[in-house]
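Peer 1: Got a structure for you, questions after.
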Amino acid sequence: MTAARAGQRHAGPLGPGWPVLLLRVAGAGLLIATGAIHLDLYLTGYRTIPTIGWLFLLQVIAAFALALAVLVTGGRHVIAGRLAAAAGAGFALATLGGYLLSVWIGLFEFKEVRTTAGIVAGVIEVAAFAVLAALALAPAPAPAGGAAAAPSRFLTQIPPAAARAAATIAAALAVAALVLLAVAEAGASSSAPAATSTGAGLKTTVIDGTTVLTNAKGFTLYSFAPDTPTVSKCYGSCAAYWPPVTGTAPASSGLPGTVGTITRTGGARQLTYNGHPLYTYIGDSAPGQANGNNLNLNGGLWHEVPASR
């Protein structure tokens, strides 16, 4: 009889608490994933963008902290578990909302461009919201050993009608978020606008005691170490963050160096200066900034271009 009872207790590979445990682990994992993506973006260039940089750092810290909270709560701590899951779901949705705003209209003078990392992060954030919302609304586990249930409180035992209504709203929000993400990515540019349209727009300015080359609006121009005098090595997501300067070289630029052009893949003409293909940096939000100087990103070092060599 004892063996039979034991067999009945362990007949199924998963106990009644396993769905909630799986939701908890999945939700925490998704928060860690989005935090890791933001950490990578922060370390590889976003840290230099005014305001956006430290906001990215806060997102990273919040994502890892909430993931830990989701993992360690639950079980007997039903209320704490629900609150942690709800906070994680809200964080994921808010992070996605900030990304969509930066794609559509820009935030703090920074306008995001379409990149693979942004798309992946957006999808992960929608998934995190859905999983953590389900975890927050999951039924509380039954007391072990047939013990009497604790006095019912709303956060401990959510009424079925309220849970169903909340689940419907959460599902609708997840679908709406996916649709908005798709619309935003479809309408987003895969690269920022070209820095200037003609070589005549190039000029010089002094930044931190160094005379450097800028475009007509005063934005610092950069060179990419892996480039050669005839070939640009910056394409795809690299060109999204470091927009090539395209146009035609004038007969006389009035600059101390030599302005020329190379042909990019696709046929566009990119300006060069003293044999260096020219780029701007998406992290420079105003003239006179050189946030991209000496960064090691996208496979090589970036340097502001001195007006003479």
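The values are calculated or read from the model by the stated rules, or taken from the named source; none is laboratory data. Remember, predicted model here, so these are calculated numbers, not experimental data. Every residue, glycine as well, gets a Cβ built from its backbone with ideal geometry; the counts of neighbours run over all protein chains shown.
Peer 1: Which ones in region 218-234 are small (Gly, Ala, Ser) and surrounded by 20 or more Cβ atoms within 10 Å (Cβ to Cβ)? Steps first, answer last, please.
Peer 2: To start, the set of residues in region 218-234 that are small (Gly, Ala, Ser) comprises 218, 223, 225, 232.
Answer for region 218-234, where residues must be small (Gly, Ala, Ser) and surrounded by 20 or more Cβ atoms within 10 Å (Cβ to Cβ): Ser223, Ser232.
Peer 1: Also: Before we move on, is Ala240 outside the structural domain of Pro50 (by TED's automatic domain parsing) and surrounded by 16 or more Cβ atoms within 10 Å (Cβ to Cβ)?
Peer 2: Details: outside the structural domain of Pro50 (by TED's automatic domain parsing): yes; surrounded by 16 or more Cβ atoms within 10 Å (Cβ to Cβ): yes.
For Ala240, the condition - outside the structural domain of Pro50 (by TED's automatic domain parsing) and surrounded by 16 or more Cβ atoms within 10 Å (Cβ to Cβ) - is met.
Peer 1: Right, next: Which residues, counting only those in region 198-244, are touching a helix residue (DSSP H, G or I) at 6+ places or on another chain (Cβ under 8 Å) and assigned to a loop (DSSP other than H, G, I, E, B)?
Peer 2: Hits for region 198-244 are Asn215, Ala216.
Peer 1: For region 69-95, name all the residues that are of a type outside the set (A, V, I, L, M, F, W, C) and under 13 Å from Gln59 (Cα atoms). So that I can check it myself, show each step before the final result.
Peer 2: Keep residues of region 69-95 that are of a type outside the set (A, V, I, L, M, F, W, C), which gives 73-77, 81-82, 88, 90, 95.
Passing the criteria: Gly88, Gly90, Thr95.
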